[in-house]
Protein chains: 2
Amino acid sequence: MNQVLSVIEARSSLRRYADKPISPEDKQAILHSALRAPTAGNMMLYSIIDVTDQAKKDFLVKSCDNQPFIAKAPMVLVFVLDFSKWYEYYRVSGVPQWCAEQDKAMHYPQEGEFLLAANDAIIAAQNAVIAAESLGIGSCYIGDIMEHYEAHRDLFKLPELAFPVTMLTFGHYPEDMERVKRDRYDAKYVVFENEYQELTDAELVEMNTAKKYPEKEDNFGLWMYKRKNGTDFMDEMSRSVKAGIDAWNSYGKK
Amino acid sequence: MNQVLSVIEARSSLRRYADKPISPEDKQAILHSALRAPTAGNMMLYSIIDVTDQAKKDFLVKSCDNQPFIAKAPMVLVFVLDFSKWYEYYRVSGVPQWCAEQDKAMHYPQEGEFLLAANDAIIAAQNAVIAAESLGIGSCYIGDIMEHYEAHRDLFKLPELAFPVTMLTFGHYPEDMERVKRDRYDAKYVVFENEYQELTDAELVEMNTAKKYPEKEDNFGLWMYKRKNGTDFMDEMSRSVKAGIDAWNSYGKK
């Protein structure tokens, strides 16, 4: 197994960090790796907010579902899907005038561009994760950054064509850290040849009971629903992403 | 520079492949790396369609904006964001009945879950890309798989709570391949400390003229608009993603 495969194999989310800063060289290598990520049409449809302000980290602890370790992470990066720079550049380049001359309606970003830019942002984020891991720096994805759109927009002064799609915390592994490798579903439930296989009820039960969790109730499906989809934070994520898409879709239409 | 960083550094999109199959061992390693990717709450909110059927590859050539190299790729993986398995498992676990007993409306997936699952799917895809690259196997992202939702849904027999968010083609580098490293934007235009920096008109021009492209017209902004956002395929991507989200939002509401 080469270093790449073993780094991928060993990586798991790290929520507790050694009391050790990330060196400027390591930080630069991680950011550089993010920026080398594949990107649609080489457009780099994202921005990265490097959160160094302790007050902002403290805010994120609360706005991201009360996770205190965010405040202690030596490095916090917010990945923002972003078409703003392109549409501002189109403006500078006289595209609206060209469209008017051609008697064409200008195409403004919609859900398609939103998802395309999300792809770009997340691909870059995962490059940062892998690069960091190779340097002995662990990380944790915080999907909760998709909640509270208006508060995060104001916190980071985001324009309409920008939405924070994921956040990563980084830090060195503590010395006393015991790595726990979490189970994943068996590939037969995830990888399908040529077409999607709807699983039978028995297979759905099997796939979930085969994957061990640290703790679960007798009814694992209900336990997960209560912890995940049936929660206030999921309601908020739904509301917030909708609000973000609405703001996105309003660009250029005022 | 360790192997991970150098693999990330060297990788660029590969659209022409050596006439050499991907060995079962390499394929297994790539898929395994995808499945080890970070995932929200260890839920693995995606499926992977391994497209081995030549007729399906030929279909994808046309449905993904006429890119003939797709048909010649030794491995084609479609990454599908997927909440179907969880909601079917919730059904099997009696969650709808529990909600009814509690006099609570069941929470069905909305845009928040769609984007959360997109994150999971794309993180897994990028792990596959990096793993492949470490084995000397190049890859290319095909975002066009987000177009023609209905045709791709039928091609892969996707349920409502599944949407193909990206596709990857894989193959060995041809021997005569000269690697071209494409410019990226300077980090100062992408990485911002603590808050987003709206760029001035001069900076927008500077960032784009500094990044060299293989060919461009005098007005690079207009040239890109005509090639990207102002095209039929972007109109189709907008329509298709909207249709996919509409289907997603209709789950459980019939």
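The values are calculated or read from the model by the stated rules, or taken from the named source; none is laboratory data. Because the structure is a prediction, the values reported are computed rather than measured. Every residue, glycine as well, gets a Cβ built from its backbone with ideal geometry; the counts of neighbours run over all protein chains shown.
Only one residue in B:ARG239, B:ARG179, B:ARG184 is within 8 Å of chain A (Cβ to nearest Cβ) and outside any helix (DSSP H, G or I), so which one is that?
Details: B:ARG239 fails: outside any helix (DSSP H, G or I); B:ARG179 fails: within 8 Å of chain A (Cβ to nearest Cβ).
Result of the check over B:ARG239, B:ARG179, B:ARG184: B:ARG184.
The conditions are (1) touching a residue at least 40 places away in the same chain (Cβ under 8 Å); (2) not in a loop (DSSP other than H, G, I, E, B), and B:LYS226 fails exactly one of them. Which is it? If we test B:LYS226 against (1) touching a residue at least 40 places away in the same chain (Cβ under 8 Å); (2) not in a loop (DSSP other than H, G, I, E, B), just (1) comes out false. Restricting attention to the range A:133-141, does a residue exist that is at pLDDT 95 or above, β-branched (Val, Ile, Thr) and under 15 Å from the mean Cα position of the chain (by Cα)? Scanning the range A:133-141 turns up no residue that is at pLDDT 95 or above, β-branched (Val, Ile, Thr) and under 15 Å from the mean Cα position of the chain (by Cα).
For residues that are closer than 23 Å to B:LEU204 by Cα, of a type in the set (A, V, I, L, M) and either within 8 Å of chain B (Cβ to nearest Cβ) or not in a helix (DSSP H, G or I) (or both), tally how many sit in the range A:86-114.
Taking the range A:86-114 as the starting set, the residues that turn out to be closer than 23 Å to B:LEU204 by Cα are A:86-100, A:106-110, A:113-114.
Keeping just the survivors that are of a type in the set (A, V, I, L, M) gives A:92, A:95, A:100, A:106.
Retained after the next criterion (residues that are either within 8 Å of chain B (Cβ to nearest Cβ) or not in a helix (DSSP H, G or I) (or both)): A:92, A:95, A:106.
Looking only at that region, the number is 3.
Of the candidates B:LEU45, B:LEU31, B:LEU35, B:LEU81, the single residue that is in contact with a Lys or Arg (Cβ under 6 Å, 6 or more places away or on another chain), crowded, with 19+ Cβ neighbours inside 10 Å and over 14 Å from B:GLY171 (Cβ atoms) is B:LEU35.
Yes or no: B:ILE145 at the interface with chain A (Cβ under 7 Å from one of its Cβ atoms) and either more than 20 Å from the chain's Cα centre (by Cα) or modelled with pLDDT of 95 or more (or both)? Considered against the rule, which asks whether it is at the interface with chain A (Cβ under 7 Å from one of its Cβ atoms) and either more than 20 Å from the chain's Cα centre (by Cα) or modelled with pLDDT of 95 or more (or both), B:ILE145 comes out as no. Consider the range A:10-26 and keep the residues that are under 18 Å from A:ILE123 (Cα atoms) and surrounded by fewer than 20 Cβ atoms within 10 Å (Cβ to Cβ). The one that is nearest to the other protein chains (Cβ to nearest Cβ) is A:SER13. Report, by residue number, each residue of the range A:40-76 that is under 18 Å from the mean Cα position of the chain (by Cα), within 10 Å of chain B (Cβ to nearest Cβ), closer than 21 Å to A:ASP26 by Cα and in a loop (DSSP other than H, G, I, E, B). Within the range A:40-76, A:VAL51 is the sole residue that qualifies.
Quick test for you: out of A:PRO159, A:PRO164, pick the one residue that is at the interface with chain B (Cβ under 7 Å from one of its Cβ atoms) and closer than 30 Å to A:TYR87 by Cα.
Working: A:PRO164 fails: at the interface with chain B (Cβ under 7 Å from one of its Cβ atoms).
Checking each option against the conditions leaves just A:PRO159.
If you take the residues in the range B:150-161 that are in a helix (DSSP H, G or I) and touching a Phe, Trp or Tyr at 6+ places or on another chain (Cβ under 7 Å), which one is surrounded by the fewest Cβ atoms within 10 Å (Cβ to Cβ)? Checking each candidate, the answer is B:PHE156.
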